[in-house]
Amino acid sequence: MDRSLKRTLTGSLMLLLASFFWGSTFVAQSSAAEQLSPFSYLAARSFVGALALLAVILVRALIGAKRKKSSFRGEIAPLFDKKTLTGGLLCGIALAVASAFQQYGIHLGASAGDAGFLTAVYMFIVPLLGLVLYKRRVAPNVLLGAVITAVGLYFLCIRGQEEGGFGMGQLLILCCAFCYAVHIMVIDRFDRADPIVLSFIQFTVGGVLSLAAALLFEQPSPSLIARAWFPIVYAGVCSSAIAYTLQIAAQKRTPPALASVLMSTESVIALLSEWLCALTGIFGAPFALSFNQIFGCSLAFCGIVIAQLVFKKRKKG
């Protein structure tokens, strides 16, 4: 197998795993939203994610110092160079703003289906930004895969619901999609940075910004945060620390346009996770998947496969 193709496939698998964590976190996020206001929840999960990544960084530095017989400071200092700090700061701002738009979009009336579908619009914003900013063309099969995936997400998220209309909530979700697209492009720009360190910095920045907003616009309650510890820890460790670090590492191997298509499977996984948790009695009341939802999942899967096949053809040809 061609080396570059192998790198792309490895990155794709990492992004699909990240999407699994993001999608499965939907259930935990829904549980936490019943007890916490948006910025308080975002601050708590961001700091949990940052602490988990800090622990990994410190343990890795200790092991490295022991193996090389060097100082602990000598192992840590090079990781936090100026470029990595800049990338982490920009990623943290983009991610914090995107998350805030999404949370308040749902708060102002956007349904879960609206949020899932409109957030996935970043599949088209990413290649557009790449073309405008870097004159980077996108393979036709990737665009075709994005279109098919978007149609699938429409059937999955919109046709299966009774809600309709476009208001302020939906507009905020579109702003969220743009910020997620910017986040993907920033990661691509700083792809040589250490993934764990870059992710740690972005969640520290995101946590500080969310905490400041919570103190300004909400009334954070330590007791409510403690009561919602499980969904916060799950989201902080799995969705934040693990999934976003996988995204950063994967984008070293995967073009931004393809990465955005792969990450859109979050909506499919979110529905399936919610259905499975309800079926097993973990969270929510059991419900049946409609034809539109099953059809949407199938289309989204076909779109992902088509977006992937272009790389196999190009590398073998």
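Looking at region 73-111, which of the residues that are over 24 Å from GLY49 (Cα atoms) and surrounded by 14 or more Cβ atoms within 10 Å (Cβ to Cβ) is modelled with the highest pLDDT? Before the answer, list the steps.
In the first step, residues of region 73-111 are kept if they are over 24 Å from GLY49 (Cα atoms); the result is 74, 108-111.
Subset that is surrounded by 14 or more Cβ atoms within 10 Å (Cβ to Cβ): 108-111.
Working: LEU108: 76, GLY109: 67, ALA110: 68, SER111: 61.
Top of the filtered list is LEU108.
Just one of (1) surrounded by fewer than 21 Cβ atoms within 10 Å (Cβ to Cβ); (2) in a helix (DSSP H, G or I) trips up SER70, so point out which.
In the conditions (1) surrounded by fewer than 21 Cβ atoms within 10 Å (Cβ to Cβ); (2) in a helix (DSSP H, G or I), SER70 misses (2) alone.
Which residue out of ILE63, ILE57 is over 23 Å from LEU216 (Cβ atoms) and either among the hydroxyl-bearing types (Ser, Thr, Tyr) or touching a residue at least 60 places away in the same chain (Cβ under 8 Å) (or both)?
Numbers: ILE63 fails: either among the hydroxyl-bearing types (Ser, Thr, Tyr) or touching a residue at least 60 places away in the same chain (Cβ under 8 Å) (or both).
Unique residue meeting the criteria: ILE57.
State which residue pairs qualify: first residue closer than 20 Å to GLY145 by Cβ and in contact (Cβ under 8 Å) with a residue 40 or more places away in the chain and inside region 287-305, second residue polar (S, T, N, Q) and part of a helix (DSSP H, G or I) in any location, beta carbons under 6 Å apart, and separation of 6 or more residues or different chains.
If the second residue must be polar (S, T, N, Q) and part of a helix (DSSP H, G or I), the pairs left are ALA300/THR149; GLY303/THR149.
Check region 273-281 and report whether any residue there is assigned to a loop (DSSP other than H, G, I, E, B) and modelled with pLDDT under 75.
Quick first cut of region 273-281, residues assigned to a loop (DSSP other than H, G, I, E, B) only: 281.
Going one step further and asking which of them are modelled with pLDDT under 75, we end up with 281.
Within region 273-281, one or more residues are assigned to a loop (DSSP other than H, G, I, E, B) and modelled with pLDDT under 75.
Count, please, the residues in region 114-137 that happen to be buried (at least 20 other Cβ atoms within 10 Å of the Cβ) and not in a helix (DSSP H, G or I).
Number of matching residues: 2.
Conditions: (1) over 14 Å from PHE200 (Cα atoms); (2) outside any loop (DSSP other than H, G, I, E, B); (3) over 16 Å from the mean Cα position of the chain (by Cα). THR84 meets all but one. Number of the miss?
(1)
Any residue in region 219-231 that is in contact with a helix residue (DSSP H, G or I) (Cβ under 6 Å, 6 or more places away or on another chain), in contact (Cβ under 8 Å) with a residue 12 or more places away in the chain, closer than 23 Å to SER264 by Cα and assigned to a helix (DSSP H, G or I)?
yes
The values are calculated or read from the model by the stated rules, or taken from the named source; none is laboratory data. All figures in this text were calculated on a predicted structure; none of them were measured in a lab. Quick reminder, even Gly has a Cβ in these numbers, built from the backbone with ideal geometry, and neighbours come from all protein chains shown.
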